[in-house]
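**Student:** Below: one structure in structure tokens.
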Amino acid sequence: MITNILRILTTRSARPFIFKSNCNYNLDLNAKNLGLYFHIPFCKKICSFCPYYKIEYDRSLLKNFHNALLKEIKLVSGLSVKRRDIESIYFGGGTPALMVDYLPEIIDLVRNLFNIKGNMGIELHPRDINETLLGKLKKCGFNMISVGIQSFQDRCISTLGREKIDSIDKLKLVKEFKFTVVDVDLIFGIPGQTKEDLTDDFITAVENGATQISTYPFIEFSYAKIKNKPLNRKLKKQMLESLLGISEKTGYRRNSIWTFSKDNLPGYSSVTRDNFIGFGPSAATLLQSIFKINTFSVRQYIKCLDDNKLPTALSLKFSPRTRALYWFFWSAYKLYISGDNFYGLFGKKLDNIFKLELYWAKKFKYIEKYSGGYKLTDKGAYLFHLIEQTYTRQYIDKTWRMALSNPWPKRIALY
Ligand SMILES: C[S@@+](CC[C@H](N)C(=O)[O-])C[C@H]1O[C@@H](n2cnc3c(N)ncnc32)[C@H](O)[C@@H]1O
Ligand code: SF4
């Protein structure tokens, strides 16, 4: 209901967002601030709360998956005559560490076909962290890692259904390898978790070398099978407030709705790119006005690339206004809505395109002006925390649920 009203008001149209199959839109790689994302869809043990596309680790599939991934990289890079500059590379999943011995070949190919200008990040499950793995990642050129700790409290880890691991020891080891960015993922709103558990977790991450702490509100996805419901909105609000307090005390600056960072180090964020190409099953690509999603099936993904076809399952063409709205949404997530960045990307003035939205947001004190654009106030950031969760439940949950139940869905309409 709320997304429906907001969509109609902000897009100025009653049309839903529609993903279609079989659209051969041209992908234009001549896009600004381009990032690459690689989705590695294998996990040793599946966590019941996790919404991402993954299957249980299958050694026999790995080699074929690797070859398919190399082929997808070649096919996509071949769409541009010119070698494109790449601002960032992220490997996520799933558990990319399960493919560590294949990573050098993948990265070499990417380096041959693109100009890598920025940081390289990878997500790690704490269980997989050891000296050998970290050494190999350093050698590949990764300078940012994100460790999915979720909580340092055994009680919360059991509620999430994960095995207990000495996460502190793992972080101590990571520190020795001196990565530029070490992100620690925490979840808040786990049943039975208290504000004190969360602030203790934050401090533990700070004391053990995290340069960034990502704190995600626990979200129940309709197709994930969790036993206990996340804590309610009021308790999550109190937890978020306690995070604001502890981040201030420890000197970690809030650099997005759910992340806090040390000094002025680069942030670890695979979702907030202006344009990005996603490789691997379920990976999304945004190039200019085209948003596309790969099939949510490893086997179908491999089959498509065997046939020299891109594994695109769904595509959506943004109108100029909805493309600008997409940008607005993710800028608000990063707390700054920059007029200069908007002008650079769209050649138009932010204040003209979003006159009404900015007027009301200012009037209700959700944003305030700064020299280059607008900044979310704490009140605005809280509203966005609610909006982001609502969109996740309405849009991401629906799209991923349908794509999981059918590797080639015909059409998905988002209201
Ligand atoms: C792709 S996942 C996990 C990365 C890594 N495989 C691991 O398990 O540590 C990235 C992050 O999403 C967050 N996450 C996963 N499921 C979530 C949920 N249901 N609600 C909130 N955050 C979630 C977790 O913090 C997780 O570390
Ligand atoms: S949370 Fe991580 S390890 Fe667990 S299923 Fe999701 S991606 Fe795999």
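**Student:** Along Cα→Cβ, 7 Å out, is where each label goes; now give me the distance between the ones at residue 81 and residue 56 in nm to one decimal.
**Tutor:** Calculated label separation equals 5.1 nm.
**Student:** Quick check: from the Cα gyration tensor, does the stretch 1-109 come out rounded (a/c under 1.5), prolate or oblate?
**Tutor:** It is oblate, given that a/c is not under 1.5 and a/b is not larger than b/c.
**Student:** Name the chymotrypsin sites (Phe, Trp or Tyr not before Pro) in the stretch 22-69 that are in a loop by DSSP and that have at most 10 other C-beta atoms within 10 Å, would you?
**Tutor:** Answer in residue order: no site qualifies.
**Student:** Still on this structure: What share of the DSSP beta bridges in the chain is antiparallel, in percent to the nearest 5?
**Tutor:** Antiparallel bridges: around 45 percent, rounded to the nearest 5.
**Student:** Computed over the Cα atoms, what is the radius of gyration of the stretch 338-415 divided by 2.2 N^0.38 Å, N being its residue count?
**Tutor:** 1.46
**Student:** While we're on this one: Place a +1 charge on the Cβ of each Lys and Arg in the stretch 1-137 and a -1 charge on the Cβ of each Asp and Glu, then give the dipole magnitude about the Cα centre in debye, rounded to the nearest 20.
**Tutor:** Here the size comes out at about 520 debye.
**Student:** Report the one residue of 296, 129, 113 whose Cα lies farthest in the direction of the positive end of the charge dipole of the chain (charges on C-beta: Lys and Arg +1, Asp and Glu -1; origin at the Cα centre).
**Tutor:** It is 296, whose Cα lies furthest towards the positive end.
**Student:** Right, next: As an exercise, find the ratio Rg/Rh for the chain from alpha-carbon atoms, using the Kirkwood inverse-distance average for Rh.
**Tutor:** Taking Rg over the Kirkwood Rh, I get 0.94.
**Student:** Sticking with this one: Between 143, 208, 264, find the one with the highest GNM mean-square fluctuation for the chain; connect C-alpha pairs within less than 10 Å.
**Tutor:** 264
**Student:** Here is a further query. Over the Cα atoms of the stretch 19-262, compute the convex hull volume and normalise it per residue, giving Å³.
**Tutor:** Measuring per residue, one finds 148 Å³ for the Cα hull of the stretch 19-262.
**Student:** Right, another one. Among DSSP beta bridges lying fully in the stretch 19-262, give the percent that are antiparallel, nearest 5.
**Tutor:** Antiparallel: roughly 20 percent of the beta bridges in the stretch 19-262.
**Student:** Placing +1 at every Lys and Arg Cβ and -1 at every Asp and Glu Cβ, with all other atoms neutral, what dipole size does the chain have around its Cα centre, in debye to the nearest 20?
**Tutor:** For this selection, approximately 1540 debye.
**Student:** Hey, another quick one. Quick one: length gained pulling residue 413 to residue 176 fully straight, 0.36 nm per residue minus the C-alpha distance?
**Tutor:** 80.5 nm
**Student:** Next question, about the same structure. Springs between alpha-carbon atoms under 10 Å, Gaussian network over the chain: tell me which of 282, 48, 247 tops the mean-square fluctuations.
**Tutor:** Looking only at 282, 48, 247, the largest GNM fluctuation is found for 48.
**Student:** For residue 205, what charge total do you get from the other residues with a beta carbon under 11 Å from its beta carbon, if Lys and Arg give +1 and Asp and Glu give -1?
**Tutor:** -4
**Student:** Among 216, 251, 230, whose Cα projects farthest towards the positive end of the dipole of the stretch 203-255, with charges put on the beta-carbon of Lys, Arg (+1) and Asp, Glu (-1)?
**Tutor:** 230
**Student:** In whole Hz, with x marking every Gly and Pro, tabulate ³J(HN,Hα) for the stretch 42-56 from phi via Karplus 6.51 cos²θ - 1.76 cosθ + 1.60, θ = phi - 60°.
**Tutor:** Listing the rounded values in order: 10, 9, 5, 9, 7, 8, 5, 7, 8, x, 6, 6, 7, 10, 5 Hz.
**Student:** Build a GNM of the chain with springs between Cα atoms under 10 Å: which of 222, 315, 269 gets the top mean-square fluctuation?
**Tutor:** 222
**Student:** How would you classify the stretch 73-157 from its alpha-carbon gyration tensor, with a ≥ b ≥ c the square roots of the eigenvalues: rounded for a/c under 1.5, else prolate if a/b is greater than b/c, otherwise oblate?
**Tutor:** Prolate.
**Student:** Place a +1 charge on the Cβ of each Lys and Arg in the stretch 19-262 and a -1 charge on the Cβ of each Asp and Glu, then give the dipole magnitude about the Cα centre in debye, rounded to the nearest 20.
**Tutor:** 520
**Student:** Now, a different point. At 7 Å along Cα-to-Cβ for each site, give me the label-to-label distance between residue 18 and residue 234 in nm.
**Tutor:** So the label points at residue 18 and residue 234 sit 4.4 nm apart.
Computed from the coordinates by the stated procedures, all read-outs in this text should not be read as laboratory data. It should be emphasised that the depicted structure is a prediction, and the values quoted were computed from it without experimental measurement. Here Cβ is always computed from backbone atoms with ideal geometry, including for glycine, and neighbour counts include all displayed protein chains.
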